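The values are calculated or read from the model by the stated rules, or taken from the named source; none is laboratory data. All values derive from a computational prediction rather than experimental measurement. Glycine gets a Cβ as well: all are built from the backbone with ideal geometry, and neighbour counts include every protein chain shown. To get the accessible areas, we keep the full protein, side chains included, count just its heavy atoms, and leave off ligands, DNA and RNA. Shrake-Rupley method; radii C 1.70, N 1.55, O 1.52, S 1.80 Å.
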Amino acid sequence: MSNTEVNKLDMKSKDMVNDNISKILKLFPDCVREGKIDFDMLKQELSKDIIEDGKEKYQLNWPGKKKSIVVANIPTNKTLRPLKEKSVDFDNTGNIYIEGENLEALKILQESYLNKIKCIYIDPPYNTGKNLIYKNDYSKGVKEELKDSGEMNDNDEKLSSNTTSNGRFHSDWLSMIYSRLKIARNLLSEDGILVCAIDENEVNTVGLLLDEIFNVENHCITIVHNPRGIQGTNFSYTHEYAYFVFKSEKGAICKRKIDEKDIDWRNLRDNGSESLRSDAQNCFYPILVKDEQIIGFGDVVSDIEKHPNQNEVIDGITYIYPIDKQGIERKWRYARQSVDKIKSMLKVKNINGTYEILLGKNFGTYRTVWADARYDANEYGKKILNKLVPNNPFDFPKSLYTVYDCIYAIVAEDKNAIILDFFSGSATTAQAVMQLNSEDNGDRKFIMIQYPEKGNEFYSTICDVGEFRIKEAGKEIKKSTNADIDYGFRVYKVDSSNMKDVYYTPTELQQTQLNMFESNVKEDRTPEDLLTQVILDLGLTLDLSIEEKKILNNNVYFVESNSLVACFDNTIDINIIDEICKCKPLKIVFKESSFKTDSDKINTFERIKKLSSETEINVI
């Protein structure tokens, strides 16, 4: 055999456990014994003090936590298969929509998108006792075993209702979300941020869980908003929260630029009940105006002091007090120390020489990470979805601007960012990304992942709803803005590997079975299927351009020009090598079974090395 180096592709997801063990072995060789980590020794190596086992410590624990860690670490042989018929502009788009179980999808994406996602927005199923959650035991990995355990029904559906009568009500939900968040952290770029929307049922446990996975120091802030108005008497018992956590050190977030037409202004002076000066003494102070601009704020005027006349000018500065037209002393809506922080949200209105101080109605209404977020109600989200999707099956889809504002805060200044949502639902996140791109001519890409739960009588699955919504939203945005952006998306589905089982266990193949497996590839798989799995196995991303060329009698794929060249025909003409090597491909992949003899294979590989010495040769 030639000395030309040829790589046999694994065709399975990255094994993060072995990678991590290798890293620890390099740093602390005395902490690894026979391929396993001595954790007691490792803990001691990482501490300046003597470690004594058995001490209690503050942490979030639940039955099944260790198992969920193992589940996250187990590699998968599954892959993605392209669904061109469901895609829009497949050959040119960089947006991705994945139909399938999100844990497996995340594992499949892990090597290609490691440290590349700038923003992850998720709105997981809330643990209400009614919503469905994933119940899979991936350590088994066999469909029949899942069915036997009741974790998958005869229709291969992997979701079940997590009722409050379940003794593991919180534990099951936490195990589900924990394994997914662990992988999600790996995908985030070092300056990336994850946003997790949640309601009151698990807000506290998720906060502790995120602090553990991302480090408590990287927890940025929690946004609180009321999605459905007041439900009780003068109070609301339903709230939604959004946790912002950084991958590493806390960074900056962007403040959304509000269009003037989006702002509903109101008087900063309080009115109605409990609006008098005597109701809040610290809210009575002058606002200083010069040339119709606010230049500062005066000290609080005590109740025994007299104030100057309203709109009195002293040294060119007008002093504005919260006094109404009838001369009644009222109060500002905010105290002196608070209003100073929202100065940029105020404006001066000149009414026949009398000044009023106005506050944007969208400003300061909610506790938010940036004061001008449009945290509108979920009913608005349903109106948008109903307009785009006839017979919409979603009762409470996330509001567009709830998601848009979160995304804007993270990627407004990064026009090439990748945004991931692995609980895609009605695909609000995809529309928000396209909306943002249309406003600043951005080239941000989205990756949506959604399990194909059963839809309604009009849509087979909710994936059909999401895909339809993205198509229609793209049309609406293009019509209203005429922006030249990417409106397409490539659809993939999670499926079993393209390779037969023997590919992963060749040593178990008996001599009498050799003729059965002249090809390691399953009979129902296409060259496009193989190309997708090879792209992922080599750590390339799914947004790269793909061009198919006919060279002599062979179909050859060129990925991102010369990043990867692949041919999966059953027979390869060695004469195509000269044409392929003209572009100096970085990587080449062939089916090993495409070569009739070892001599043909050796000659082909030698020819590649002669014409393009830096090319990496791979086979499946």
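Show me the ranking of peptides 557-567, 99-109 by mean Cβ neighbours inside 10 Å, starting with the highest.
99-109, 557-567
Mean separation of Cα pairs under 8 Å and 6+ residues apart, divided by the residue count of the range 508-620: what relative contact order is that in percent? 20 percent.
If you take all other residues with their beta carbon under 10 Å from the beta carbon of residue 433, and give Lys and Arg +1 and Asp and Glu -1, the sum is 0. Please check which bits of the range 57-75 a label hung off residue 40 would reach, taking the label as a point 7 Å along Cα-to-C-beta and the cut-off as backbone N under 20 Å. Label zone hits: 57. Extension gain, residue 472 to residue 383, is 30.6 nm, computed as 0.36 nm per intervening residue step minus the present C-alpha separation.
Counting Lys and Arg as +1 and Asp and Glu as -1 over every other residue whose Cβ lies under 10 Å from the Cβ of residue 485, the net charge comes to -3.
A cut-off under 12 angstrom between Cβ atoms defines the neighbours of residue 616, and their net charge, with Lys, Arg +1 and Asp, Glu -1, is +1. Here's the picture: a label point sits 7 Å out from the Cα of residue 9 along the beta-carbon direction, and within the range 553-577 the residues with their amide nitrogen under 11 Å of it are 564-568.
Leaving out ligands and nucleic acids, and using a 1.4 Å probe, what accessible area per residue does the range 494-620 come to in Å²? Write down the numbers at each step before the final one.
Details: 6270 Å² over 127 residues.
Per-residue value: 49 Å².
The listed residues 249, 616 rank as 249, 616 when sorted by accessible area, largest first, using a 1.4 Å probe.
Can you give the extra length, in nm with one decimal, that the chain gains between residue 278 and residue 350 once fully stretched, where that is 0.36 nm per residue apart less the Cα-Cα distance?
Values: separation 72, 0.36 × 72 = 25.92 nm, distance 2.71 nm.
Contour length minus the Cα-Cα distance gives 23.2 nm.
Each peptide in 268-279, 319-330 was scored by the mean count of other Cβ atoms within 10 Å over its residues; highest first, the order is 319-330, 268-279.
Taking 27 Å as the limit for the C-alpha separation, the pairs 347/479; 8/582; 78/445 exceed it in the case of 347/479. Based on Cα contacts under 8 Å between residues 6+ apart, the range 428-562 shows a relative contact order of 15 percent. In this simple spin-label model, placing a label point 7 Å from the Cα along the Cα-to-Cβ direction at both residue 325 and residue 66 gives a separation of 7.4 nm.
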